[in-house]
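Novice: The structure under discussion is supplied below as structure tokens; questions concerning it will follow.
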Amino acid sequence: MAEIDLALLQPVLAELGPQGRTALLPALHAAQELYGYIPEPVAAAVGQALRMPLADVYGVIDFYALFYREPVAKTVIHVCGDPACSMAGADGVMKVMAQQVERHRIQGQIQDTIKVERAPCLGLCEHAPALLIQGAPVPKADTQSWEDLVSGKAQRPYSVVGGDINLLTFNCGKGRITNLDGYRKSGGYDSLRKALALSPDAIVAEVKAAGLVGRGGAAFPTGVKWEAVAASNEPVKHVVCNADEAEPGTFKDRVVIEDDPHRVLEGLIICAFAVGAHKGYLYIRGEYNLQYLILKAAIAEARQAGFLGTNILGSSFDFDIELRRGAGAYICGEETALFESIEGKRGFPRVKPPFPTTHGLFGKPTVINNVETLINIPLILKVGSAAYRHLGTQKSPGPKLFCVSGDVVRPGLYEVPFGVTFRHLMDDLAGGMRPGHKFQAALFGGAAGAFAVEKDLDVRLSFEDLRAAGLPLGSGVITVFDETRSMQDILLRLGHFFADESCGKCYPCQMGTQRQYEILQRIAENRALPGDKDRLLDVGWTMTDASLCGLGQTAASAVMSAIRLWPELFEARQTTPEGGPA
Amino acid sequence: MTDSINLTIDGNPVHVAPGMTILKAAASAGIEIPTICYHDYCTANALCRLCVVEVEGARTLVPSCVAKVSEGMQVSTHTERVKRARRTILEMLATTVDLSEAPDIQAYMREYGAQDERFPEAEQRFSPVLDDNPMYIRDYSKCVLCWRCVQVCAEDAQYTHAINFTGRGFETQIGTFFDKPLPETTCVFCGQCVAVCPTNALKPKRQWLLEQGHSPDEIMSLTRTERRRRMRREAAAEQPATGGKS
């Protein structure tokens, strides 16, 4: 192994060192780009420069799936293994890729320079089966040749966007990135100008009046959150955009960032002005490298044009955004785990209370909003809360983005007013089931969701209607399954996802996700034991009722919903463990 | 400012000081709530969730070690919901970790009717005994991840920061920087981690050697050699510096 040249790292450490521990993830990303992985002396140098304990540096490296502490291949290929991609043949792609690597290695054409890894949902569900090749997204991998894939000639995917309205997605789905000029031509940053002429209180009041609730899955009233932070006397406050989109089946934030990044920035700037923050963070998941680069360019453009920085648009308001990358951890989408990650720690969720509005990032009052929540802000200011409320239903006002994937003719991102039926979304917008196939079920809300069946087809997509039907809206994810799909296989993949992504902090989730996965394996292999259904229910209830954060509390949600719908799938198929069928 | 909070625990009226946790309030009323990770002198992190209780109006169960009392709160510490969670947590723990030297947890298992083989074909967290220093051994097969050792090694006591976590989820373990032996870390062998370990995953080396069947004399000579070797190493390391001073 070549000697590690620490001199390469010095410029990075000189720049990041003074920031201390919060710069840990940026420093590790930079180090990994230089060395291909994070060798021990490099990790030690990073720890010394940031003045933090080495055991903690190691703990962080080992927590995030995208940091490697041992040399890895020059090219890492991530193949998605979650439902939408697996149904489109991702397992086969993975197998073929591995065979090709082996064949080319034997022929001496490559020498351990390619590594194929199974990955959690990559947020490319409308392009299933999807891959990342060294961070670059590749769509429909089953239709591309091996040579194109590894030579980097594979085409980059462009988003598929449709719907009844395009208030949020006006600039999306056009096969291009909307730059600053394009965004301004479509009325972009006019709402910011309007906001700066208003009092912060008036903006908060307008957001409250609009009835906007968070689009990340928890549906907390956005205006109430803002009001709490705005009212705080703390001199330092923060605003954070949560772009750590990783719920299997979700890709809406990716599409918005990819096609119209400035809309996200405008929402975040208005939020900061309304609550009195001068520093904002935008945290994007590690797998979204392309989108990270798009945002980086957009932030630079906005700064150049005076939408960020000091005296924004001639006002007395100063604000800037720091862009942060995750490193492969679904749990960091949980708001307090995301703060920990920005602070340079393992992504462990915090005990709540205290809540982020009083003790958030760096212990300061913090507003944290999802990407989709924030892009509603310019719209609310543009049309006013009254007109905004005309969209959707009375209890669920406004537009909503739905990520539809799986066995439909046109998987994609669809913008609709709240209140349209599931049938309309699936049949009229997404093209219905693929020819010759029938609807079996749909997973609402991703891995943390629940199954809808035939009787739910006419349910209206609003918070109140779905609650009444016992279905979660979540972040607007719908994965559709036709009659050929094995629900046991889908559940196994969801079980694998949670066992992989549990942070390990609280006991119910740390062990429950593993036990759940083991039982789901038996069920998928048609060798369920007597009592397995009860075991799943006990583990499920315990995780739901006693876990520390939302991940654990929803890790059994889909399984429990499947037990209610299809109890026969969980019946015993053998009488004793490892004894074969009885 | 009220100087007393009124609540009920299992139907009994309780009056306690504001800011007190439900766990302490219950103890003051003679009601015992089981805990594993909680320790009076360590930061409570609500990890084991054995201390969960039902609070009227709360969506989920509430960890009593960190949740504070509030006026009019109605707490139930032993409902069916609570018992189901405690029993299942204990059953999962028994199939994950070697609890043979954790009598308190075994007593809880009996109390809650938890079966130690509830989960067949369950993966155990197995790890070989780490014997890398003359003071104590680390047997992480017995580790329940209560975090106490990591905390006393850091801000809860010693500020040594020799250990932290490795892996994540079910694979989480306690470890050092790149899994180095303890003598190569910042560990000062203060022994606080050994003192707070609830399951004997951390154990004084002499005790461990005694249990292995070594006689006290053997142990004396074994550890003496190690001590001498270490003293020689340190002396050798200090020599140039001392030489420079004189």
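The values are calculated or read from the model by the stated rules, or taken from the named source; none is laboratory data. Because the structure is predicted, anything quoted here is derived from the model rather than measured. Methodologically, a virtual Cβ is constructed for each residue, glycine included, from the backbone with ideal geometry; neighbour enumeration extends over all protein chains shown. The protein model used for the area step is the full one, side chains on, heavy atoms only, and it has no ligands, DNA or RNA in it. Shrake-Rupley method; radii C 1.70, N 1.55, O 1.52, S 1.80 Å.
Novice: Whenever you get a sec, line up A:Lys364, A:Lys237, A:Lys140, B:Lys68 from highest to lowest accessible area (probe 1.4 Å, protein heavy atoms).
Specialist: I get B:Lys68, A:Lys140, A:Lys364, A:Lys237, largest accessible area first.
Novice: Test of understanding: what is the full-extension gain from A:Asp181 to A:Glu464, defined as 0.36 nm times their sequence separation minus their Cα-Cα distance?
Specialist: Additional length available on full extension: 97.9 nm.
Novice: Follow-up. Between A:Asn166 and B:Ala27, how many nm apart are label points set 7 Å from Cα along the C-beta direction?
Specialist: 6.4 nm
Novice: Treating the beta-carbon of each Lys and Arg as +1 and of each Asp and Glu as -1, no other charges, what is the dipole magnitude of the range A:278-361 about its Cα centre, to the nearest 20 debye?
Specialist: 200 debye
Novice: To make sure I understand the rule: partners must be aspartates and glutamates, Cα under 14 Å from the Cα of A:Lys252, and not fewer than 8 residues away in the same chain. Which ones qualify?
Specialist: Partners found: A:Glu126, A:Asp244, A:Asp260, A:Glu372, A:Glu415.
Novice: If you don't mind, there's one more thing I want to ask. Just to verify a number: FRET efficiency for A:Arg51 and A:Glu234, C-beta to C-beta distance, R0 = 22 Å, to 0.05?
Specialist: 0.30
Novice: I want to make sure I understand the PRE zone here: with the label point 7 angstrom from the Cα of B:Lys68 toward its beta carbon, which residues in the range B:11-28 have backbone N atoms less than 12 Å away?
Specialist: B:17-22
Novice: Hey, for a label at B:His214 modelled as a point 7 Å past Cα toward Cβ, could you say which residues of the range B:131-148 have their backbone N under 14 Å away?
Specialist: Residues passing the 14 Å test: B:131-138.
Novice: Please list, ordered by chain and number, the residues whose modelled amide H lies under 5 Å from the amide H of A:Phe220; skip anything fewer than 5 residues away on the same chain.
Specialist: A:Gly214
Novice: Please sort through the DSSP H helices of chain A and keep those with an alpha-carbon extent of at least 18 Å along the long axis and a Kyte-Doolittle average not below 1.0.
Specialist: Answer set is A:261-275, A:371-383.
Novice: Okay, moving on. Starting from the Cα of A:His390, step 7 Å along the direction of its Cβ; do the same at B:Gln207; then give the gap between the two resulting points in nm.
Specialist: According to this spin-label approximation, the distance is 7.5 nm.
Novice: Rounded to the nearest 0.05, what FRET efficiency is calculated for A:Arg573 and B:Thr8 with R0 set to 45 Å and r the Cβ-Cβ distance?
Specialist: After rounding, the FRET efficiency stands at 0.40.
Novice: Per 0.36 nm of contour for each residue apart, how much would the distance between A:Asp427 and A:Leu457 grow if the chain were fully extended, relative to their Cα-Cα spacing?
Specialist: Extra length from A:Asp427 to A:Leu457 when fully extended: 9.8 nm.
Novice: Please tell me which of these pairs span more than 27 angstrom C-alpha to C-alpha: A:Lys140/A:Lys505; A:Lys208/A:Lys296; A:Lys352/A:Lys382; A:Lys225/B:Lys68; A:Lys364/A:Lys395?
Specialist: A:Lys140/A:Lys505; A:Lys208/A:Lys296; A:Lys352/A:Lys382; A:Lys364/A:Lys395
Novice: Next question, about the same structure. Mind giving me the FRET efficiency for A:Glu15 and B:Arg233? R0 is 45 Å, r the Cβ-Cβ distance, nearest 0.05 is fine.
Specialist: E(calc), rounded to 0.05, equals 0.70.
Novice: Could you give the nm distance between label points at A:Ala209 and B:Asp132, where each point is 7 Å from its Cα heading toward the beta carbon?
Specialist: It works out to 6.4 nm between the two label points.
Novice: Going by Cα centres, the range B:117-147 and the range A:1-60 are how many Å apart?
Specialist: The range B:117-147 and the range A:1-60 have Cα centres spaced 31 Å from each other.
Novice: Still on this structure, I have one more. Can you give the % of DSSP beta bridges in chain A that are antiparallel, to the nearest 5?
Specialist: Taking every DSSP beta bridge within chain A, about 45 percent pair in antiparallel fashion.
Novice: Mind checking the full-extension length gain between A:Val383 and A:Ala202? Use 0.36 nm per residue of separation minus the Cα-Cα distance, one decimal, nm.
Specialist: Length difference between fully extended and current span is 63.7 nm.
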